[in-house]
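Report on one structure; see the data block that follows.
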Amino acid sequence: MNIQKKIKQLNMKKTISYFSVLLMLAFFIQACTSSKMPVAGKNKSLTADFKDIKTYAWTSDIDNIPTDKVLIGPNGIFIFNNESGRKMIKDAIQYELSAKGYQMAETNPDMLLSFIVLEQPASLRTTNGYVTVSSGEKVRTEDNVSYTDVKPGTLIINIIKNNKNIWQGFVSGILSADGMNDQSKVRDAVSTVFKQFKYNNNK
């Protein structure tokens with residue numbers, strides 16, 4: 001009888017150990033998966049209205065390559081802000097906007113677009129919701145604003161109307177030096193930003 005009890009106890013310990021290993025493995029996989037997920041954020045003006053926005057154009061300085069604090073590779077080529085990389089980003093943005101029903105306009109666009117790839121770490125402001133006061137006005141409090149630390153290679157896309165930034169989306173450190181030469185990775189980066197852009201002109 002004692003032998004049977006010992007056998008049961010041993011089997012129970014083996015079962016507990018087995019499930020403990022599985023649980024630890026699950027936590028490890030979850031931690032690894034979450035650490036690979038890019039950190040994304042957005043800002044939206046409280047007064048922004050996208051109902052009448054149907055066309056877009058680039059800001060006049062969109063093709064200017066920043067010359068301050070740029071990172072240069074061993075081959076002497078700008079790592080992030082180079083002509084070929086910026087062209088791929090522009091093409092990817094146009095693809096996303098076209099899929100949402102927005103059209104490029106040569107004159108009098110409803111909104112202007114710009115973007116930047118950060119060369120250095122930074123802290124970016126992000127907003128989440130608002131509070132409606134008794135007068136009906138929408139305001140943001142400290143609870144609706146936070147700051148996100150981002151890495152080099154962070155892509156920021158800006159939407160401007162009437163000289164005001166009405167929407168901004170970013171994804172932290174998603175572009176690498178090698179990624180800037182890979183069209184599929186650039187498209188993935190831009191797509192990740194636009195997943196936060198909830199407006200659609202196809203309706």
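Coordinate-derived values only; no laboratory data. Being a predicted model, the structure only gives us computed values, none of them experimental. Neighbour counts are summed over all protein chains in view; Cβ atoms, including those assigned to glycine, are modelled from backbone coordinates with ideal geometry.
With each label point set 7 Å from Cα along the Cα-Cβ vector, what nm distance links GLN120 and MET104?
In this crude label model, GLN120 to MET104 measures out at 3.4 nm.
Once the piece of chain linking ASP178 and ASN200 is laid out straight, how much longer is it, given 0.36 nm per residue of separation minus the C-alpha distance between them? Mind showing how you got there, number by number?
On the way: separation 22, 0.36 × 22 = 7.92 nm, distance 3.20 nm.
Full-extension gain reported as 4.7 nm.
At ASN163 and ILE62, where each label point lies 7 Å from the Cα along Cα→Cβ, what is the point-to-point distance in nanometres?
2.1 nm
Can you give me the distance in nm between label points at ALA48 and ASP188, each placed 7 Å from the Cα along the Cα-to-Cβ direction?
Computed distance between label sites ALA48 and ASP188 equals 2.6 nm.
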